[in-house]
Amino acid sequence: MDMLNQISNRIATLSSGETMTLTAQNLLISRGDFQAISVYLSRESEKGQFSIDLPKRLATWFEQTSITVIKN
């Protein structure tokens, strides 16, 4: 839960139009945990304060998993 608070705080400090890219590797978490955070951010983005850009499915399991947050 602390990680979600840290990510939310980082998003809150972004200026309008600024982006932030999160990756499982940079956060040092598993793909499963990262996917859970991605779902959470997808739902939170529906509130309109930020939007997200999810890459298309990756071809191989070892490629970097990422999500880009764009502050509205």
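The values are calculated or read from the model by the stated rules, or taken from the named source; none is laboratory data. Keep in mind that this is a model prediction, so the values were computed, not measured. Cβ atoms come from the backbone with ideal geometry, glycine included; neighbour counts cover every protein chain shown.
What the table shows:
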item: Every pair of residues 6+ apart whose Cβ atoms lie under 9 Å, when the first sits in the range 1-21 and is within 17 Å of Ser66 (Cα to Cα) while the second is small (Gly, Ala, Ser); result: Thr21/Ser66
item: Given (1) surrounded by 12 or more Cβ atoms within 10 Å (Cβ to Cβ); (2) at pLDDT below 90; (3) assigned to a loop (DSSP other than H, G, I, E, B), index of the condition Leu14 fails; result: (2)
item: Pairs where the first residue, in the range 58-71, is over 20 Å from Tyr40 (Cα atoms) and the second is at pLDDT below 50, C-beta under 8 Å, 6+ apart; result: none
